[in-house]
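What follows is a set of notes on a single structure, which appears directly below.
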Amino acid sequence: MKNLLLLCLLLLVSPLKAEQNSIILISLDGFAAKYLDQYPAPTLKALAESGLIADSMQPVFPSKTFPNHYSIATGLYPAKHGIVENSVYDPEFQSVFKMNKPEEVTNPRWWLGEPIWVTAELQGVKAATYFYPGSEAAIKQTRPSYWQVYDGKIENIERVDSVLQWLDLPLQQRPNFITLYFSSVDDAGHRYGPNSAEVASAILDVDNAIAHLISGLKQRGLYDQVNLMITSDHGMAEVPAENSIVIDNFINFADIEQALLTSEIVSIFPKPGKTESLYQQLKQQLPAQATVYKKSELPARWQYKDSQRIAPLLVIPDSGWRLIKQQHQARWQTRKGEVTGNHGYDNAAADMQAIFIGHGPAFKAGSTIPSFINIQLYNLMCKILNINPAANDGDPAWADSVLDLN
């Protein structure tokens, strides 16, 4: 009789414990730290007030989508996890990784380190990723139990409904770690600039999607048991059309083996013996709003040197400026007075700062913590999931300062 009573108690308690060790990691791409004060977002603000919020969360450099998502997932700086930009050239492979190349996005050779869903799966914790950079590749021969091929056309509410369906699975099949990704705020910020009515509308749409998630969690009796971690990968800077630098005017492409040109970073892999001449040419000719760096000269705080995928020369503009190709110059000249948005700049820039909100039994309710860098989240997630972290660049003690351990 005593053993039967004990078994009944265990059956009652274990599902609750399983949920308390669960995480839904929500990524709001391009959601700047300042947006919470700048725009209406009633659901997000309510979560922040009843949960835990950071003053801001600093992205890693470069403040781009793929590097930062994967730093959150691995606790590693990009130089160690290999996704050093949204577009990456590896001299060993002599190949280029781009977000729109599925054959490379799904190839595990690019994805170094161990993302949280792999750490979880290898230790018997089921994971599910609804769009997250890296989760389409079999990293360490491992994928999440449930995952989705990225499709930006899928509406935010439909994404939430899919997550709720995962939570309706029988306990033995149900994932304890889930990601959920929204891109609409980033899309609006790029097209219209961060200080626009379109960004305000996109934030309300995302806020409504999170309200839909919360409603679904409450219907399932899970709202006070599951840990919500709301993050963003970077902020967004306002860039007037006239703040454009035609980078072609300053580069001799005949001396270059490979160049990856984006609005915020130009990565230059010179031909043998051409690094110094290219560097001097750029140093003398670039306007004041852009800087050329040798890899060895990059600021130490960026932790952006020790990888063959980081180019020997990089051209980086000031926040609020863009690098363009000559073929696009006329188009930008016709758009004078127009403002758009960009990111990828110095990760210490105010406009690049991201958000972090934690809500659930693991977090100290009604608290605010100082700003921190996003590599800390991997250890935090491992602690909540009760799994052992892989080697990473975060500080394990930081997680203890954030969690409600009582």
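In table form, for the structure just shown:
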item: Qualifying residues in region 253-265 (those that are open to solvent by less than 50 Å² (accessible area, probe 1.4 Å) and touching a Lys or Arg at 6+ places or on another chain (Cβ under 6 Å)) - the one nearest to Leu76 (Cα to Cα); result: Ser263
item: Count of residues meeting criterion [among the charged types (D, E, K, R), over 26 Å from Arg174 (Cβ atoms) and touching a strand residue (DSSP E or B) at 6+ places or on another chain (Cβ under 7 Å)] in region 94-137; result: 1
item: Residue selected from region 110-138 under the condition assigned to a loop (DSSP other than H, G, I, E, B) and aromatic (Phe, Trp, Tyr), by the criterion farthest from Leu28 (Cα to Cα); result: Trp111
item: Residues of region 95-124 satisfying the condition of being buried (at least 22 other Cβ atoms within 10 Å of the Cβ) and either more than 25 Å from Phe269 (Cα to Cα) or outside the structural domain of Met381 (by the TED database) (or both); result: Glu114, Pro115, Ile116, Trp117, Val118, Thr119, Ala120
item: Hey, Leu180 in contact with a helix residue (DSSP H, G or I) (Cβ under 6 Å, 6 or more places away or on another chain) and more than 27 Å from Phe61 (Cα to Cα) or not; result: no
item: Residue among Asn374, Asn342, Asn379 that alone is open to solvent by less than 30 Å² (accessible area, probe 1.4 Å) and farther than 23 Å from Thr119 by Cα; result: Asn342
item: Failed item in (1) among the charged types (D, E, K, R); (2) in contact (Cβ under 8 Å) with a residue 60 or more places away in the chain; (3) touching a strand residue (DSSP E or B) at 6+ places or on another chain (Cβ under 8 Å), with Asp207 passing the rest; result: (3)
item: Within region 29-79, considering residues that are part of a helix (DSSP H, G or I) and among the acidic types (Asp, Glu), the one nearest to Val105 (Cα to Cα); result: Asp37
item: Residue within region 266-283 that is free of Cβ contacts under 8 Å to residues at least 40 places away in the same chain, of a type outside the set (Asp, Glu), closer than 24 Å to Gly235 by Cβ and open to solvent by 10 Å² or more (accessible area, probe 1.4 Å) present; result: no
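The values are calculated or read from the model by the stated rules, or taken from the named source; none is laboratory data. Quick caveat: nothing in here was measured; it's all calculated off a predicted structure. With ideal geometry, Cβ positions are generated from the backbone for all residues, glycine too; neighbour counts draw on all protein chains shown. Remember, those area values only see protein heavy atoms, side chains included, never the ligands or the DNA or RNA. Shrake-Rupley method; radii C 1.70, N 1.55, O 1.52, S 1.80 Å.
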